[in-house]
Amino acid sequence: MADYREYAPYLEAKYGQRVYKLPINLPGGTCPNRDGTVGRGGCIFCDATGSGFQCLSDTKTIAEQLAENKEFYKKRFSAHKFISYLQTYSNTYMPFERFKQAVLEATDDEDLVGVAISTRPDCVNDEYLSFLVELKESRNLDVDIELGLQTVNYHNLVDINRGHTLAEYIDAVLRIKRYGLHCTTHVILNLPGDDLLDVIESAKIISALGVDFVKLHSLYIVGGTELARRYEAGEFTIISLEEYVQRVVTFLEYLNPEIVIQRLVGKGPQDNLLFCNWDTSWWKIKDAIDAEFIARNSKQGSRFDYLNGKAVKK
Ligand code: SF4
């Protein structure tokens, strides 16, 4: 058994069978740090697809994307239950009526148990959340809002051009939880400028806020991005794989053991990559993380002892 709470067994226990996510790529997606609302150029690591490299083309309708992806999982894994996943860009940045229509289309399938929606902390508000609560209740679907955070280091959030700070993230999570919806947080544990203290504080803040799921990524560098420019100019170096493994294990030790890990190791796009996962396969990195847990004789949550008045606990 893994030393951290894995997503696939969590889904299987909850729904009584294996469940797969069906990515959906909506046309015309963007982000407020791309179009000038809070900034230009987007996050320095993000390519032109807005993290949509694993998706089908946005020229296909939502129904076509759902059907094609479903067919793939049905054939390959004999799957029967799915989560519809609006993956690209900041989906709740869309005008409300368009967002509503897209979500209704994306959840128009009998075999769904939930819907996951990727967005940014500064694009979460009461109007969208109220609609999602109605959807959850009327359709009996679990709703998970996936927030990109990447780091709690608010100096670094400025440096990577996120266009929001830590405060907006805290507000977004508290708001999502008040509405009774699930929240996933995406974190990159090896951003240039972050150290182990940032990694630990990220785990602590995510735990303190009651986040449900975490997706971990290691930084990959796509040609043509601002990050690639800095990398080629020698403005930063990437930490070693060994140090990255240490960071992942330490992060998980500080994380609430109830939080489910949706992804332990990220994957970059196929093409135009300057750096990705130390040219090592994801499963070797996973094995190294497992081995480090064994070497430390620890597991997720083994250092989760800092909430509820640590100094006065008996
Ligand atoms: S918010 Fe997400 S999709 Fe938008 S630029 Fe940043 S990483 Fe890319």
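All of the numbers you see were taken from the coordinates with simple rules; none came from a lab. Since we're looking at a predicted model, the values are computed, not measured. Every residue, glycine as well, gets a Cβ built from its backbone with ideal geometry; the counts of neighbours run over all protein chains shown.
Of all beta bridges that DSSP places with both ends in the stretch 7-299, some 10 percent have antiparallel geometry. At a Cβ-Cβ separation cutoff of 4.7 angstrom, cysteine residues of the chain with no neighbouring cysteine are 31, 55, 123, 183, 276. Comparing 166, 147, 311 along the charge dipole axis of the chain, the residue lying farthest to the positive side is 311, per the Cβ-charge model.
Which order do the peptides 172-181, 9-18 come out in when sorted by mean C-beta neighbours inside 10 angstrom, highest first?
Per-residue mean Cβ counts within 10 Å order the peptides as 172-181, 9-18.
Between residue 48 and residue 278, what FRET efficiency comes out of the Förster formula 1/(1 + (r/R0)^6) with R0 = 35 Å and r the beta carbon distance, rounded to 0.05?
Numbers: r = 25 Å, r/R0 = 0.70.
Working from the Cβ atoms, E equals 0.90.
Taking the Cβ-Cβ separation of residue 2 and residue 242 as r and a Förster radius of 22 Å, what is the calculated FRET efficiency to the nearest 0.05?
Values: r = 20 Å, r/R0 = 0.92.
FRET efficiency, residue 2 to residue 242: 0.60.
Assign unit charges at the C-beta atoms only (+1 for Lys and Arg, -1 for Asp and Glu), then state the dipole size of the chain relative to its Cα centre in Debye, rounded to the nearest 20.
I would put it at about 620 debye.
What number comes out for the charge environment of residue 179, summing +1 per Lys or Arg and -1 per Asp or Glu over other residues with Cβ under 10 Å away?
Values: positive: 136, 175, 177, 178; negative: 126.
Residues close to residue 179 contribute a combined charge of +3.
Counting pairs of alpha carbon atoms under 8 Å apart in space and at least six apart in sequence, what relative contact order in percent does the chain give? Please list the in-between numbers first.
Working: 539 pairs, mean separation 56.2, N = 314.
Computed value for the chain: 18 percent relative contact order.
Full extension of the segment from residue 14 to residue 80, taken as 0.36 nm per residue of separation minus the current Cα-Cα distance, would add 22.3 nm. Here residue 314 is the anchor, and the aspartates and glutamates within straight C-alpha reach of less than 12 Å, apart from those fewer than 8 places off in the same chain, are 305.
The distance between label points at residue 134 and residue 208 comes to 3.6 nm (points 7 Å beyond Cα on the Cα→Cβ vector).
Using per-residue counts of other Cβ atoms within 10 Å, averaged over each peptide, order 116-129, 200-213 from highest down.
On the way: 116-129: 21.4, 200-213: 19.8.
Highest-to-lowest ranking by the protection proxy: 116-129, 200-213.
Near residue 27, once Lys and Arg are set to +1 and Asp and Glu to -1 for all other residues with Cβ below 11 Å from its Cβ, the sum equals +1.
Comparing Cα centroids, the stretch 203-228 and the stretch 21-39 end up 17 angstrom apart. Looking at the calculated P(r) for the chain, what percent of the C-alpha pair distances fall above 34 Å? Summing the P(r) tail past 34 Å for the chain gives 20 percent.
In this structure, the residue pairs whose Cα-Cα separation is over 24 Å, taken from 14/136; 21/100; 14/60, are 14/60. The modelled label-to-label distance for the pair residue 311/residue 72, using points 7 Å beyond Cα in the direction of Cβ, is 5.2 nm.
Counting only residues at least eight positions apart within a chain, or on another chain, the lysines with an alpha carbon under 22 Å from that of residue 310 are 204, 299.
Expressed as a whole percent, how much of the Cα-Cα distance distribution for the stretch 202-250 exceeds 15 Å? Present the calculation step by step, with values, prior to reporting the outcome.
Details: 723 of 1176 pairs.
Value for the stretch 202-250 (Cα pairs over 15 Å): 61 percent.
How much net charge surrounds residue 228 when only other residues with a Cβ under 12 Å from its Cβ are counted (Lys, Arg +1; Asp, Glu -1)? Computed value for this residue: -2.
Of 294, 221, 133, which is farthest on the positive side of the dipole of the chain, counting Cα position, with +1 on Lys and Arg Cβ, -1 on Asp and Glu Cβ, and the Cα centre as origin? So the residue we want is 294.
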